[in-house]
1. Output yes when any residue across segment 135-150 is in a helix (DSSP H, G or I), among the β-branched types (Val, Ile, Thr) and open to solvent by 50 Å² or more (accessible area, probe 1.4 Å), and no when none is.
2. I'd like the residue in segment 170-191 that is modelled with pLDDT under 85 and in a helix (DSSP H, G or I) and, out of all such residues, is surrounded by the most Cβ atoms within 10 Å (Cβ to Cβ).
Amino acid sequence: PTVRDRLSRRAIRRITGSPIVWREVKRPVFPRGRRGLIQAIVLAVVVVAAVGAVIFLSMSVRGSSAGVCIMGVFVMAIVFGFNVASSAAASIAREKEGRTLHILLMTPYEDAKIVKDKAIGILRRNAPLLIFIPLLGLMAWATFPLSDRPHADDVLTGVLWFCLSLTGHVGLLMGLGFCLSAYLRTTAAAIALTCAIFVGVKIFGLMLFV
């Protein structure tokens, strides 16, 4: 027997903790097939272009790379929010498309527990994207000219404001995604409507302050 045959005859490993969280965490970041390959290539191109722009500007013009790093922080925050929104919008609609929603509702879990565990799993699966945000923030602070470098109080205020803003956006996107995912039938419609409503709210909010 080969190694694969021996591994296939092993006992099924028990799941520790919530099975709903485990299922969401183990779900692949990119879907299978051509769509997942295209998403992975686009993300890799964006990351390489951002890193190349930071390196080029840091070598050519002093201080301009700090602005690029700050823009990179906001870009990664947008990517994280979009992934959370799309995952939340697809969570329940995917169960409908796969005809597994009734099986999930028959488990000894209340509806609030199911939604809570799905939210925890989505955040844990997308949490690695947040690693780039503090790294880009440190690069922005390090590449600032000494004369224009902000004080510690200003840095702490900016970090606190950014964390509160990111938490509010993620909460809004996740709640909106779960709500639309429960009412709409298809995953594509839930994701598209979630992103459209969020963009519309942002544009309306900006118009109020202009």
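1. Scanning segment 135-150 turns up no residue that is in a helix (DSSP H, G or I), among the β-branched types (Val, Ile, Thr) and open to solvent by 50 Å² or more (accessible area, probe 1.4 Å).
2. That would be Ile191.
One line per residue, one yes/no per condition, for (1) modelled with pLDDT of 85 or more; (2) in contact with a Lys or Arg (Cβ under 9 Å, 6 or more places away or on another chain):
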| site | (1), (2) |
| --- | --- |
| Val115 | yes, no |
| Leu123 | yes, no |
| Ala140 | no, no |
| Pro145 | no, yes |
| Pro150 | no, no |
| Leu156 | no, no |
| Trp161 | yes, no |
| Leu166 | yes, no |
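The values are calculated or read from the model by the stated rules, or taken from the named source; none is laboratory data. In this text, all values refer to a predicted model and were calculated from it rather than measured experimentally. A quick note on method: Cβ atoms are made from the backbone with ideal geometry, for glycine too, and the neighbour counts reach across all protein chains shown. For accessibility, only protein heavy atoms count, side chains too; no ligands or nucleic acids. Shrake-Rupley method; radii C 1.70, N 1.55, O 1.52, S 1.80 Å.
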